[in-house]
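To start, the structure under review is shown below, and the notes come after it.
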Amino acid sequence: MNDEVESGQVADERGEKSAPPPDVLDAQAASPSAGDEQSDEGEAASGGDKLPFWRRPAVWIAAIAVVVIIVAGAAGVVAFNAHTKDEALSNCRQYAAQIRKLAGAPLDDKVIEAAKADKKGVADGKTWETLHGDQKKLSDLAQRSVPACDAVSRTAAQKQEGVAAASLKSLKLARRAVGTSAKAVLASRDVKTLKDVRDALTAKVGQAKQLLDSSAGNVADDATRTVLSQQVDAANRLIGNEQSKLADLQQAAQTLDGVVNAVNASVQAKAAADAEAAQAAAQAQAEATQKRASTRSKSSGSARGGSSGSGSRNSTTSVPQIHGWVATSNDPGAHDDLGGHHDIMCFGPHDCLDRNGNQVDGNGNIISGN
């Protein structure tokens, strides 16, 4: 007995624990011990064979992260599509507005002028054909329908944007092509006009040279021929210069026409003066002949009773030259025109008439009046 007591005491002295009281034992039974918790955690860390995967915290964390990523991605895609669609539709509407504006815009004045040109009025007919082909293409593009720009999906909106952009580009290029073609037509027209004017001036110069030859000595004022010769030389210089401008050639042709008209007028004036002088001479001769016949008839009686001595009409005495006219007694009507001014015309030594029809002697003294 004593031995047992002693051994118990020895055990107490060595620090061995004694049995806990009953209430403590009940509390320990109701909750897991720290050793058990550490054992569970160790088992979970060593392989988790003790818990199902859906109860593992790492699985739940990963699943939540995936869901968040998916939702965020989907939201991003929706937002991107909406933004892209709105941007495409906005661009489409801008393109459509520009298309309508260009389609209704008037053409440049140079284009309108070139379009009125005749194909025969240009040096190169291909420029005319190109212009009219470009105009037709532009007209077709301008009449095309404009995209509505009302798509509901991103893909459709981008397609409408592309169609509108392409239509606008084609319309701009077509208008530019028409402008370029119009310039080519106008340039070709100017070349043709310059050639025509040069050729016309060349023809005028040829006619002017013929007029110079034919009008020599036949003009009232020879100064007109001098001016014409100068203008012919000036025109030839312009014709031979390839750099001559259209306005200079046209002015030369106009000036040459004026000088040619002046020479023609001088020729006509000379011809009219000559005709008038010839008519006056013929009239004077006719009147003189009539006066002579009348005078001779009046003096025929006295002429018969006179002697056949000196002073007779049958005398061969020559009549002195009086102002360019000479008459012989053998042929009282005969005379020679020496080019003088005819103040007196004689039919015998004392049988003469002045320009007023008065009978005068060989010295111009009036014997009897009208």
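The values are calculated or read from the model by the stated rules, or taken from the named source; none is laboratory data. All of these numbers come straight from a predicted model, not from anything done at the bench. Reconstructed Cβ throughout: ideal geometry from the backbone, glycine too, with neighbour counts over all protein chains shown.
When you check ALA142 against the structure, is it touching a Gly at 6+ places or on another chain (Cβ under 9 Å) and under 22 Å from ILE99 (Cβ atoms), yes or no? Taking the combined requirement at face value, the residue satisfies it. Of all the listed residues (SER181, SER167), the sole one being part of a helix (DSSP H, G or I), surrounded by 15 or more Cβ atoms within 10 Å (Cβ to Cβ) and within 14 Å of the chain's Cα centre (by Cα) is SER181.
Just one of (1) modelled with pLDDT of 95 or more; (2) in contact with a helix residue (DSSP H, G or I) (Cβ under 6 Å, 6 or more places away or on another chain) fails for ALA164. It is (1).
Restricting attention to segment 274-307 and to residues that are among the polar types (S, T, N, Q) and outside any helix (DSSP H, G or I), the residue that is modelled with the lowest pLDDT turns out to be SER307. The set of residues in segment 133-146 that are surrounded by 14 or more Cβ atoms within 10 Å (Cβ to Cβ) and part of a helix (DSSP H, G or I) comprises ASP134, GLN135, LYS137, LEU138, LEU141, ALA142.
For segment 242-250, the count of residues that are within 26 Å of the chain's Cα centre (by Cα), surrounded by 14 or more Cβ atoms within 10 Å (Cβ to Cβ) and not in a helix (DSSP H, G or I) is at least one. Here ALA203 meets each of (1) modelled with pLDDT under 95; (2) within 30 Å of ASN241 (Cβ to Cβ) with one exception, condition (1).
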